[in-house]
Structure formats: structure tokens, C-alpha cells
Ligand SMILES: NC(=O)C1=CN([C@@H]2O[C@H](COP(=O)(O)OP(=O)(O)OC[C@H]3O[C@@H](n4cnc5c(N)ncnc54)[C@H](OP(=O)(O)O)[C@@H]3O)[C@@H](O)[C@H]2O)C=CC1
Ligand SMILES: CCCCCCCCCCCCCCCC(=O)OCC(=O)COP(=O)(O)O
């Protein structure tokens, strides 16, 4: 879509972004802000969100887009009792309006199933699956009332194919894909659109924050992320997918797309490739 079309579609829209303090979420804040959206930044660390807000407020936005002030809210997506309350507070300052929800907060994993505590599985599912479900369910009634809305679920190539040493992460991403695919037709009658976005490796701190099998933080920047796509590029693709009302997009290198096809057309070949990968 052209810049003009993006400005027309997005100006004045209220966009709630989870995991807005860093990486892809932060890049999405800039991408939507640039087209005239009012951005609601959410994550657990208020201090980091305030820094992003300051950068947004200082950002030059070329005319004719009218700059909308962004707002920050502390939101732990795993704090189920708190999510509803926070969404109520957010809507109170946005005329009960949330046009676009970017369910982006996520947590990754490093480690074999054998060496991973059950608690690690719970923590990863709490963020990547139940966190996304909880926020979606809290936002949905407002979208139904306004008879419009767009929910974007940030998944991964691992929403489509599983890779070794990511049993929790791959499973959580597959599960969230299942949630959105079932939700999409349900909310269609309310004029609510659901887009699942499945990126390949992105240059962010996701590996730094990933959990080891014992629950400790991995704390290293992996090569795949170091050489991954720029977060700004992926964020712009997310904007495009919203404007084009896509159902399901994969933002990934050709090889990753081929891998998804191989998993579908010739599962045993895919499992053989993954066995080789596990041996690396
Ligand atoms: N980087 C990559 O290679 C890829 C990433 N993705 C997906 O992109 C999304 C963003 O990840 P990315 O930016 O890379 O990683 P980062 O680790 O940089 O960002 C993760 C974000 O999630 C937030 N977050 C984590 N836990 C919670 C929680 N309990 N409640 C609220 N917010 C939380 C963090 O904020 P805070 O700590 O302030 O709460 C942070 O802003 C994830 O869903 C990830 O799965 C998909 C494919 C590839
Ligand atoms: C005849 C041609 C054969 C071609 C076979 C190609 C097989 C290549 C395997 C590709 C595996 C891709 C895995 C991609 C995973 C991914 O992009 O995940 C991103 C994330 O969500 C985070 O990654 P992390 O590794 O940090 O969990």
C-alpha cells in the first residue's frame, strides 16, 4: 500500500501494543505513530516505556499527518486479574475506543525438553498463549461495541513448524495460531478482523531474555537474531498487513517458507531435516 493509503487508513486510530518496551513492539510503536495513530504502549517496565514515549513525542512526523500523543500503561499480560482493569483504565482515556490490538509480548526458550522444568513451560505459555488470550478477551467487548476492530497476533515461523530445543516456545506459538484461526470467523460478524503475523528471525533481544531449562535467563545474543531482519522492516510489514486486512502472513526468508511447505507436503522429510538440526 502507498504511504497515502496507509495515512488514510490509520490516522486517528487507537493502537494498543503489548511488549512495547523493546524489539518488535517498540518498532511497531514508531511504525503506527508515523501514520497518525494514537499508540498505547504496554509492558511490565514503565521506565522503558517512558523512554519509548519520549522518543515518539520527539519524533518529527511529516504533514499532513496529525501527531497523536502516545500513552504508557504498565501491563503484565500474565497477571490475569489485572489485565481487565488495565484495559478498562485505557479505554477510559481513549473514549472507550481500541481500534487495533497488537498482541506482541513474547518469551523465548533455550534448552531440551529433558532438561526443562515444567515451570518453564508454564511461564512461556502464560506469556505467549494465555497472555495473548487474556488481552484479546479484555479488548474484544470494546471492539464489539464499536462494531469494528483489528486484532494482530504476533506469532513466529515457529507457529507453523517446530524446531528442536524450543518445545515450549514452538508449542505456545502453534497454540496461539490455533486460537486466532478459531477466533477469526467468530468475530467476523462484528466487523473485527484477525491477522496472524509469523516472522522469521528479527534483530532483537529475544534470545537475551529467553529462559533456560532451569528457569534462569539465557542472557546471550544469538547469531540468528544478530543476523536477523531489522525490527523496523518487520513493523512496516505489520502495518501493511493491517491496511491490507491480511488473514495470515509470514515475514521470513524463502528457505523458511520452503520449510513450512516441506512440513506440510512431506512431514518425514521435515522431521529428518530437524533431526540433523538437533545434532548440530
Ligand atoms: N526476535 C525474533 O527473532 C522473533 C520474535 N518474534 C516474536 O516477536 C514478539 C516480540 O519479541 P521481540 O521483540 O523479539 O523480543 P524482546 O524480548 O525484545 O521483547 C519482548 C517484549 O515482551 C514484553 N514482555 C515479556 N513478558 C511480558 C509480560 N509478562 N507482560 C507484558 N509484556 C511482556 C517485554 O517487555 P517488559 O520486559 O518490559 O515487560 C518486551 O517488550 C514475540 O511475540 C516473539 O515471539 C517472532 C519471530 C522472531
Ligand atoms: C530442498 C530444500 C530443503 C530446504 C530445507 C530448509 C530447512 C530449513 C529449516 C528452517 C528452520 C527455520 C526455523 C525458523 C525459526 C524462526 O524463525 O523462529 C523465530 C523465532 O520466533 C525465534 O527464534 P529462536 O531461535 O530465538 O527461538
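Below is a table of values for the structure above.
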{"quantity": "Conditions (1) under 20 Å from residue 224 (Cα atoms); (2) under 12 Å from the mean Cα position of the chain (by Cα); (3) part of a helix (DSSP H, G or I): number failed by residue 127", "calculated": "(1)"}
{"quantity": "Residue ranges of helices (runs of 4 or more DSSP H) in region 135-227 with at least 2 members touching a residue at least 40 places away in the same chain (Cβ under 8 Å)", "calculated": "167-187, 206-209"}
{"quantity": "Residue check for residue 262: within 11 Å of ligand 2 (Cβ to nearest atom) and touching a strand residue (DSSP E or B) at 6+ places or on another chain (Cβ under 6 Å)", "calculated": "no"}
{"quantity": "Restricting region 192-224 to residues that are under 17 Å from the mean Cα position of the chain (by Cα), crowded, with 16+ Cβ neighbours inside 10 Å and within 22 Å of residue 115 (Cβ to Cβ), the residue that is nearest to ligand 1 (Cβ to nearest atom)", "calculated": "206"}
{"quantity": "In region 167-191, residue surrounded by the most Cβ atoms within 10 Å (Cβ to Cβ) [restricted to those that are within 23 Å of residue 44 (Cβ to Cβ) and near ligand 2 (Cβ under 9 Å from one of its atoms)]", "calculated": "173"}
{"quantity": "Where residue 120 falls short, out of the listed (1) under 18 Å from residue 196 (Cβ atoms); (2) in contact (Cβ under 8 Å) with a residue 60 or more places away in the chain; (3) within 16 Å of ligand 2 (Cβ to nearest atom)", "calculated": "(1)"}
{"quantity": "Search result, residues across region 1-48 that are farther than 17 Å from residue 86 by Cβ, within 8 Å of ligand 1 (Cβ to nearest atom) and part of a loop (DSSP other than H, G, I, E, B)", "calculated": "22"}
{"quantity": "Single residue of region 21-41 satisfying the filter (over 25 Å from residue 5 (Cβ atoms) and touching a residue at least 60 places away in the same chain (Cβ under 8 Å)) that is surrounded by the most Cβ atoms within 10 Å (Cβ to Cβ)", "calculated": "23"}
{"quantity": "Those residues of region 59-89 which are buried (at least 18 other Cβ atoms within 10 Å of the Cβ) and in a helix (DSSP H, G or I), in sequence order", "calculated": "83, 86, 87"}
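Bear in mind that the values in this text are calculations on the coordinates, not laboratory data. Model, not experiment: these values are computed from the prediction. Cβ: placed from backbone, ideal geometry, glycine included. Neighbour counts: every protein chain shown.
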